[in-house]
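Asks: I am attaching a structure below and will ask some questions about it afterwards.
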Amino acid sequence: MSRPTILRVPPLSPQLHDTVGERYDAVDPADLATRAADVVGIVSSNAGRVGGDLIASLPNLGVIANHGVGYDNIDVSAALARGIAVSNTPEVLDDAVAETAIALLLAVRREVVLADRFVREGRWPDAQYPLTAQVAGSHVGILGLGRIGQAVATRLVALGCTVSYHNRHRVDDVPYAYAASPVELAAAVDSLVVVVPGGASTDALVDREVLDALGPDGVLVNVARGSVVDQPALVAALQDGRLGGAGLDVYADEPNVPAELTALDNVVLLPHVASGTHLTRAAMRDLTLANLASWLDDGTLRTPIPEMSAQ
C-alpha cells in the first residue's frame, strides 16, 4: 500500500523533518511542480507560511498539522472554506513559555545581563553595582489570560506579585483583577506581560497609548508574537525614556532585530526560544505527528484549532 503524501513546509526541526520522511511519502516545496495533486497533508511550523495560494494549489489537501500553539502562519479562512482540518500544539508548551516570560521579567528588573557584563568587564573591584528594582511585591499585568497567561500568573503569585489581566472576555474562577482594556491594564501595573495570540485581531494591540500608560518605570515583556506590539512605537518609547525597559522573545520581522533595540541597555533580547526546551519541543513534535496520524486514520484531530469547533 502506498504511503500518504505529506508536504513539509520549512523550516522544521531536523527531528520533525526526518520523522515525517520516515513515516510518509514526504515532499518539499521544490517538488510541488509534479507532486501537488498527491499531497493530502501538510506539516508546518510557526515560521513556515501556509498561505491561501499554497492551499489552493493542493487539490487533495485534507489536513494541516502545525507545530506550535500559534497558527497565524496559516490562512485559516482559506483552509476551513475548503473543509481542511487544522491542528496546533496547545498546552504542552505552557510551562516553558511561562518560564521564559518570568526569566525575561527578572532579567530586566534585576538587570541580570548588565550585572553579568559588569563582572566580566572587571569593573567590580572598583565599584559596587547599582541597586535595581524588585519583582517581588510588584504589580504585573497579563495581556491574554489563556493557558499560558494563567501559567505566568501562577508563577508571579509565587514570587509575591499582585496580578491583573485583560482578555477579550472575563475569565471565570480566577482571583485576578480584570481591566477593561489594554490601556487600563497598563496604567494600573508596574510590568506588562504579553501572551495574546497573533493575527489580525491583535495586530499592534500594544501601541503607543499602551506603552505610555505603562510609563517610564514600566517594563514590557513579549513572549507572544512580534506583530502584537507596534515595534517602532516600542523603540521610540524606549529611546525617549517613556518606557523603562523591555524583555523580548519575538519581533516584527524575525530573525531581523532592529539595531535600535540591540543598542539599548534596558532591553533583554532572546531569539524566539520561549518554548525551546528539549522536553517541550519533543512533546510538540509528538503532538504534531499524533494529529497527522489521527486524521489519516479516522479523520479526527487530537487538538483541532478552536475555529474548527466553532463551525
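Here, each number is a calculation from the coordinates, and none is a lab measurement. None of these values were measured; they are calculated from a predicted model. Glycine gets a Cβ as well: all are built from the backbone with ideal geometry, and neighbour counts include every protein chain shown.
Asks: For the chain, take the longest principal axis of its alpha carbons; what is the angle in degrees between that and the long axis of helix 278-298, to the nearest 10 within 0 to 90?
Replies: For 278-298 against the chain, the angle is about 30 degrees.
Asks: Ranking request for peptides 212-220, 236-244: highest mean number of other beta-carbon atoms within 10 Å first, then the rest in descending order.
Replies: Values: 212-220: 20.0, 236-244: 17.2.
Ranking, from highest mean packing down: 212-220, 236-244.
Asks: Let me make sure I get this right: for the stretch 131-282, a, b and c are the square roots of the gyration tensor eigenvalues over alpha carbons, sorted descending. Under 1.5 in a/c it's rounded, otherwise prolate if a/b > b/c, else oblate. Which is it?
Replies: Working: a/c = 1.35, a/b = 1.17, b/c = 1.15.
Rounded.
Asks: Each residue of the stretch 186-200 in turn: what ³J(HN,Hα) in whole Hz from Karplus with 6.51, -1.76, 1.60 and θ = phi - 60°, glycine and Pro shown as x?
Replies: Per-residue couplings from phi come out as 4, 5, 8, 10, 8, 9, 10, 9, 9, 9, 7, x, x, x, 4 Hz.
Asks: Still on this structure, I have one more. Calculate for the chain the 222 nm mean residue ellipticity that helices alone would give, adding -39,500 (n - 2.57) per DSSP H run of length 4 or more and normalising by residue count, nearest 500 deg cm²/dmol.
Replies: Details: 13 runs with 115 residues, N = 311.
Computed mean residue ellipticity for the chain: -10500 deg cm²/dmol.
Asks: So what's the angle, to the nearest 10 degrees on a 0 to 90 scale, between helix 94-109 and the longest Cα principal axis of the chain?
Replies: 30
Asks: While we're here: For the ranges 226-232, 98-104, 199-205, 129-135, what's the packing order if you count other beta-carbon atoms within 10 Å of each residue, average per peptide, and put the highest first? Intermediate values should be presented prior to the final figure.
Replies: Values: 226-232: 20.0, 98-104: 23.1, 199-205: 14.6, 129-135: 12.7.
Final packing ranking: 98-104, 226-232, 199-205, 129-135.
Asks: Okay, next question. With everything on Cα atoms, drop me the angle between helix 231-240 and the longest principal axis of the chain, reported from 0 to 90° to the nearest 10.
Replies: On a 0 to 90 degree scale, this one is about 10.
Asks: Given the chain, what percent of its DSSP beta bridges are antiparallel, to the nearest 5? If you can, show how the numbers build up before the last one.
Replies: Details: 2 of 41 bridges.
Approximately 5 percent, going by the DSSP bridge assignments.
Asks: Need the full-extension length gain, residue 177 to residue 34, defined as separation in residues times 0.36 nm minus the C-alpha distance. One decimal, nm.
Replies: On the way: separation 143, 0.36 × 143 = 51.48 nm, distance 5.64 nm.
Separation in residues times 0.36 nm, less the Cα-Cα distance, equals 45.8 nm.
Asks: Still on this model: I want the local charge near residue 102. Using Cβ-Cβ distances under 11 Å, sum +1 for each Lys or Arg and -1 for each Asp or Glu among the other residues. Please list the in-between numbers first.
Replies: Numbers: positive: 109, 155; negative: 95, 99.
Cβ neighbours under 11 Å give a net charge of 0.
Asks: Can you list the HN-Hα couplings for the stretch 51-57, worked out from phi with the Karplus curve (6.51, -1.76, 1.60; θ = phi - 60°), rounded to whole Hz and with x for Gly and Pro?
Replies: x, x, 5, 5, 4, 5, 7
Asks: Note down the relative contact order for the stretch 247-286 as a percent, whole number, built from C-alpha pairs under 8 angstrom at least six residues apart.
Replies: Worked out over the stretch 247-286, it gives 46 percent.
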